[in-house]
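The values are calculated or read from the model by the stated rules, or taken from the named source; none is laboratory data. As the structure is a prediction and not an experimental result, all values here were calculated from the model. When we count neighbours, we look across all protein chains shown, and the Cβ atoms used for this are built from the backbone with ideal geometry, even at glycine. The accessibility values were calculated without ligands, DNA or RNA, using every heavy atom of the protein model including side chains. Shrake-Rupley method; radii C 1.70, N 1.55, O 1.52, S 1.80 Å.
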Amino acid sequence: MAVPDFQSLMLPLLKFSADGEEHTMQEAREGLAKIMGLSQEDLEERLPSGRQSTFANRVAWAKVYLTQAGVLESPKRGKFRICDRGRKILSESPDRIDIKFLQRFEEFQAFRQASSKNRTEKVTHTGDDETATTTPEETLEQAYQQLRDETANELLHLVEGNTPEFFEKLVVHLIVSMGYGGSVNEAGRATRKTADEGIDGVIKEDRLGLETIYLQAKRWEAAVGRPEIQKFVGALHGQRAKKGVFITTSRFSKEALDYVGQIDPKVVLIDGADLVQLMIDHGVGVSTATIYEVRKVDTDFFIED
């Protein structure tokens, strides 16, 4: 099954804590995963940033809301347990606990009102809506991913519409930004030297030049097939080269992708989609518009010695 949304985890989390014992979030995640029959694949699903699992994030927010409603309490750092209010709720055998259900408690109403004061009327915080299925982190990361996807699409369109000379300069700037090729001038000179048929350039893998990487760049519209990759590999063998990078603005066929997984030397294929993601990651052709800092409570600060 798919990972339940954070509101759907509220009742299972409260039932898990019904034994009255103090529990850690790790224990809660393990218990809920078993109770709900989540697969390893479900547990490994991550937020768009990759920094946290979706399941762990949603369990954490279910606990936050239940605590703000006075249903759970935190007797010490990193621990939680059920309150009298939580036991009373379970005695009523509710079918579901969600934001709408928790609105009956004054503490929770105060929590939501305090949160709303920090938002403008034009902004809707999906994580606070009664119908919300995503946590605040998920909402933020999904918005970030949408903006990134739009930037990537625009970048690829601009790269495809530019000249081969521009593409060469782009490759040079990207290589240097990733830490290869020495300086822009060094990498630029290297990529303009054709070492052999099928090779567009030779660059340093490290600043000392202890290893070299051979390049091939194709500003194509059609998919690059296995024959083109085989030509490149043949050229690498002619140079006794161990490493090569093939960059295209289009895509690679399945046969080409399968082929590079079976050969020596090592060949990395970078298609148009990967190219623009690398450009974004390394600041090539893009600029920073805005930086948002997300701060969390430092619980250690509130512990007295």
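Take the residues of segment 221-265 that are touching a Ser or Thr at 6+ places or on another chain (Cβ under 8 Å) and outside any loop (DSSP other than H, G, I, E, B): which is surrounded by the most Cβ atoms within 10 Å (Cβ to Cβ)? Please lay out each step first, then the result.
So the first thing to find is which residues in segment 221-265 are touching a Ser or Thr at 6+ places or on another chain (Cβ under 8 Å), and the list is 221-226, 241, 243.
Checking which are outside any loop (DSSP other than H, G, I, E, B) leaves us with 224, 226, 243.
Values: V224: 23, R226: 17, K243: 14.
Looking at the filtered set, the residue picked out is V224.
Of all residues in segment 177-194, how many are part of a helix (DSSP H, G or I) and modelled with pLDDT under 85? Give the derivation first.
Filtering segment 177-194 down to residues part of a helix (DSSP H, G or I) leaves 177, 184-191.
Next cut, modelled with pLDDT under 85 only: 184-191.
Adding up the residues that qualify gives 8.
Here is a yes/no grid of residues against (1) among the hydrophobic types (A, V, I, L, M, F, W, C); (2) in contact with a Phe, Trp or Tyr (Cβ under 9 Å, 6 or more places away or on another chain); (3) at pLDDT 95 or above:
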{"residue": "K231", "(1), (2), (3)": "no, no, no"}
{"residue": "L236", "(1), (2), (3)": "yes, yes, no"}
{"residue": "Q239", "(1), (2), (3)": "no, yes, no"}
{"residue": "G244", "(1), (2), (3)": "no, yes, no"}
{"residue": "Q262", "(1), (2), (3)": "no, no, no"}
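Consider segment 54-76. How many of its residues are surrounded by fewer than 21 Cβ atoms within 10 Å (Cβ to Cβ) and more than 30 Å from E41 (Cα to Cα)?
6
Determine which member of the set F80, F16, F6 is at pLDDT 95 or above and aromatic (F, W, Y). First the steps, then the outcome.
Values: F80 fails: at pLDDT 95 or above; F6 fails: at pLDDT 95 or above.
Result: F16 is the single residue among F80, F16, F6 that is at pLDDT 95 or above and aromatic (F, W, Y).
Which members of segment 58-74 meet the condition of being in contact with a Lys or Arg (Cβ under 6 Å, 6 or more places away or on another chain), part of a loop (DSSP other than H, G, I, E, B) and at negative phi?
Scanning segment 58-74 gives a single hit, V71.
Give the residue, chosen from R112, R148, R104, that is closer than 26 Å to G86 by Cα and at pLDDT 85 or above.
Values: R112 fails: at pLDDT 85 or above; R148 fails: closer than 26 Å to G86 by Cα.
Of the residues listed, the single one that is closer than 26 Å to G86 by Cα and at pLDDT 85 or above is R104.
Take the conditions touching a residue at least 40 places away in the same chain (Cβ under 8 Å), farther than 24 Å from L174 by Cβ, among the small types (G, A, S) and in contact with a strand residue (DSSP E or B) (Cβ under 8 Å, 6 or more places away or on another chain) and apply them to G238. Does it pass? Before you say what the answer is, go through the steps one by one.
Details: touching a residue at least 40 places away in the same chain (Cβ under 8 Å): yes; farther than 24 Å from L174 by Cβ: yes; among the small types (G, A, S): yes; in contact with a strand residue (DSSP E or B) (Cβ under 8 Å, 6 or more places away or on another chain): yes.
Spelling it out, G238 is indeed touching a residue at least 40 places away in the same chain (Cβ under 8 Å), farther than 24 Å from L174 by Cβ, among the small types (G, A, S) and in contact with a strand residue (DSSP E or B) (Cβ under 8 Å, 6 or more places away or on another chain).
Return yes or no: is V268 in contact (Cβ under 8 Å) with a residue 40 or more places away in the chain and open to solvent by 30 Å² or more (accessible area, probe 1.4 Å)?
Values: in contact (Cβ under 8 Å) with a residue 40 or more places away in the chain: no; open to solvent by 30 Å² or more (accessible area, probe 1.4 Å): yes.
Taking the combined requirement at face value, the residue does not satisfy it.
List the residue pairs whose Cβ atoms are under 6 Å apart, where the first residue sits in segment 99-112 and is open to solvent by 30 Å² or more (accessible area, probe 1.4 Å), the second is part of a helix (DSSP H, G or I), and the two are 6 or more positions apart or on different chains.
Listed by first residue and then by second, the contacts come to F111/Q68.
Could you figure out which of (1) touching a residue at least 24 places away in the same chain (Cβ under 8 Å); (2) more than 26 Å from L156 (Cβ to Cβ) isn't true of Q277?
Of the numbered conditions (1) touching a residue at least 24 places away in the same chain (Cβ under 8 Å); (2) more than 26 Å from L156 (Cβ to Cβ), the odd one out for Q277 is (2).
Would you be able to tell me the number of residues in segment 195-216 that are assigned to a strand (DSSP E or B), within 11 Å of G244 (Cα to Cα) and at pLDDT 75 or above? Step through it out loud before you land on a result.
We begin by selecting, within segment 195-216, every residue assigned to a strand (DSSP E or B); these are 196, 199, 201-204, 212-216.
Keeping just the survivors that are within 11 Å of G244 (Cα to Cα) gives 199, 201-203, 212-216.
Then drop every residue that is not at pLDDT 75 or above, which leaves 201-203, 212-216.
Adding up the residues that qualify gives 8.
Let me spell it out: the conditions are (1) within 26 Å of the chain's Cα centre (by Cα); (2) part of a helix (DSSP H, G or I), and L90 meets all of them except one. Which number is the exception?
Only one criterion in (1) within 26 Å of the chain's Cα centre (by Cα); (2) part of a helix (DSSP H, G or I) is unmet by L90, namely (1).
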